[in-house]
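Colleague: The structure that follows is given in the form of structure tokens.
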Amino acid sequence: MKLKPHMVRGIILSCLLLFIIYSVWPYMSQKPEPRKKIKVFILAGQSNMEGRADAKKLIPQDLERLSKVKENVQIAFNHEPVCPLKPVKPSVEIAEIYKRELIFGPELFFGITLSEAWPDEKILLIKLSEGATSLHGCWHPEWSEDKAAAMGEEEGTKLYRALIDYVDQTLSEYEKDEYEICAMLWVQGETDAGNKIASAAYGLNLQQLISHIRQDLENDTLPFLLFQVGEGKVVEGMMKTAQFLPNVTLIPQSLEPTSVNFYPKMENGHYNYEGMKKLGQRFAEVYLNSISDAK
């Protein structure tokens, strides 16, 4: 039987339709890839978290590493707008004392090292810090005038509450399903070490801080990384907290220059370029090797 022209056209169209369906069906049947969440890290503490390291000493390799990752790593620092990772401008007082135009803390090489390990991830660092502040006073989650007065901080900022408010404010720019809070980093303890009452209470105060942070950030197992600073009862409190609380990791420090746990400092006790670079990288290495389940 001779096919009429309209019948031929129909067969051709049917074959073409079947070809299109079978070509696109595998893609239509696949579930869409889940959107990757922004990885958020909270950083807090006193002056060695804020950082006094001179950004002018960043070597060309450091700057090249930063340039490759900065668009994937953003930072919100002490109420400044969120921006790509970079060294920051110090306060007028710090600039005058240290003769610095730009400074950095552990966040710089923490962010660089994380992003190099996770080239396809977006990272947000939220940092609040203030020098010469105590956990017994300003940073205590259950602030009281008596405790603050014992440290001479009764007129100071209630830093724990300020931190929670700052995190909430920063993350309010995102939908809740757009991010995940991965860990908190803590560098603080020198001020408490100089006060007998505060140093004796440091372990309990630290446990309360971690408990409140996890409650306020709605994450009962939030990893908490703390760096060993201070001395005596403060260090003892850190060690006991890391031993008894789950998901708390203490990064040790040694005063012996030949030790792998030695971090070079300036004469006034603040970490210099080499020490701060090492600290940032160590935070990232500990997180990646011991805590992260990211591939």
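The values are calculated or read from the model by the stated rules, or taken from the named source; none is laboratory data. Everything numeric here is computed off the predicted structure, so don't read it as measured data. Glycine also receives a Cβ, built like all others from the backbone with ideal geometry; neighbour counts cover every protein chain displayed. Surface accessibility is based on the protein's heavy atoms, side chains included, excluding ligands, DNA and RNA. Shrake-Rupley method; radii C 1.70, N 1.55, O 1.52, S 1.80 Å.
Colleague: Working carefully through the options Gly269, Gly280, find the one that is open to solvent by less than 40 Å² (accessible area, probe 1.4 Å), touching a residue at least 12 places away in the same chain (Cβ under 8 Å) and over 21 Å from the mean Cα position of the chain (by Cα).
Modeller: Gly269
Colleague: Turning to a different aspect of this structure: Considering only segment 113-201, give the helices (runs of 4 or more DSSP H) lying wholly within it that have at least 2 residues that are at negative phi and surrounded by 21 or more Cβ atoms within 10 Å (Cβ to Cβ). Show your work before the answer.
Modeller: Numbers: elements: 145-150, 159-171, 190-193, 196-200.
Ranges flagged: 159-171, 190-193, 196-200.
Colleague: Looking at (1) more than 30 Å from Glu101 (Cα to Cα); (2) at pLDDT 95 or above; (3) open to solvent by less than 80 Å² (accessible area, probe 1.4 Å), which one does Met239 not meet, given that it meets all the others?
Modeller: Every condition holds for Met239 apart from (3).
Colleague: Looking at segment 215-223, is at least one residue open to solvent by less than 70 Å² (accessible area, probe 1.4 Å), out of contact with any Gly (no Cβ under 9 Å at 6 or more places or on another chain) and assigned to a helix (DSSP H, G or I)? Give the steps one after another, and end with the answer.
Modeller: Of segment 215-223, the ones open to solvent by less than 70 Å² (accessible area, probe 1.4 Å) are 216-217, 219, 222-223.
Next cut, out of contact with any Gly (no Cβ under 9 Å at 6 or more places or on another chain) only: 216-217, 219, 222-223.
After this cut, where a residue has to be assigned to a helix (DSSP H, G or I) as well, the list is 216.
For segment 215-223, residues open to solvent by less than 70 Å² (accessible area, probe 1.4 Å), out of contact with any Gly (no Cβ under 9 Å at 6 or more places or on another chain) and assigned to a helix (DSSP H, G or I): present.
Colleague: So the check is Cβ under 7 Å with 6+ separation or different chains; which pairs have a first residue in segment 173-187 that's in contact (Cβ under 8 Å) with a residue 24 or more places away in the chain and a second one that's open to solvent by 70 Å² or more (accessible area, probe 1.4 Å)?
Modeller: Pairs that qualify, where the first residue is in contact (Cβ under 8 Å) with a residue 24 or more places away in the chain and the partner is open to solvent by 70 Å² or more (accessible area, probe 1.4 Å), are Glu178/Lys37; Tyr179/Lys37; Glu180/Lys37.
Colleague: Exactly one condition in (1) under 24 Å from Tyr287 (Cα atoms); (2) aromatic (Phe, Trp, Tyr); (3) free of Cβ contacts under 8 Å to residues at least 24 places away in the same chain is false for Tyr166; which is it?
Modeller: Just one mismatch for Tyr166, condition (3).
Colleague: With the structure loaded, tell me whether Val229 is on the phi < 0 side of the Ramachandran plot, open to solvent by less than 10 Å² (accessible area, probe 1.4 Å) and over 20 Å from the mean Cα position of the chain (by Cα) or whether it fails that test. Working first, answer last.
Modeller: On the way: on the phi < 0 side of the Ramachandran plot: yes; open to solvent by less than 10 Å² (accessible area, probe 1.4 Å): yes; over 20 Å from the mean Cα position of the chain (by Cα): no.
Criteria not met by Val229.
Colleague: Check Ile94, Ile103 and return the single one that is surrounded by 15 or more Cβ atoms within 10 Å (Cβ to Cβ) and more than 20 Å from the chain's Cα centre (by Cα). Let's see the steps before the verdict.
Modeller: Details: Ile103 fails: more than 20 Å from the chain's Cα centre (by Cα).
Checking each option against the conditions leaves just Ile94.
Colleague: Related question: Can you tell me which residue in segment 48-66 is most open to solvent (accessible area, probe 1.4 Å), limited to those that are assigned to a helix (DSSP H, G or I) and acidic (Asp, Glu)? Give the steps one after another, and end with the answer.
Modeller: As a first pass, look at segment 48-66 and keep what is assigned to a helix (DSSP H, G or I): 48-50, 55-57, 60-66.
When the remaining residues are screened for being acidic (Asp, Glu), the result is 50, 62, 64.
Working: Glu50: 24, Asp62: 5, Glu64: 97 Å².
Once the filter is applied, the top-ranked residue is Glu64.
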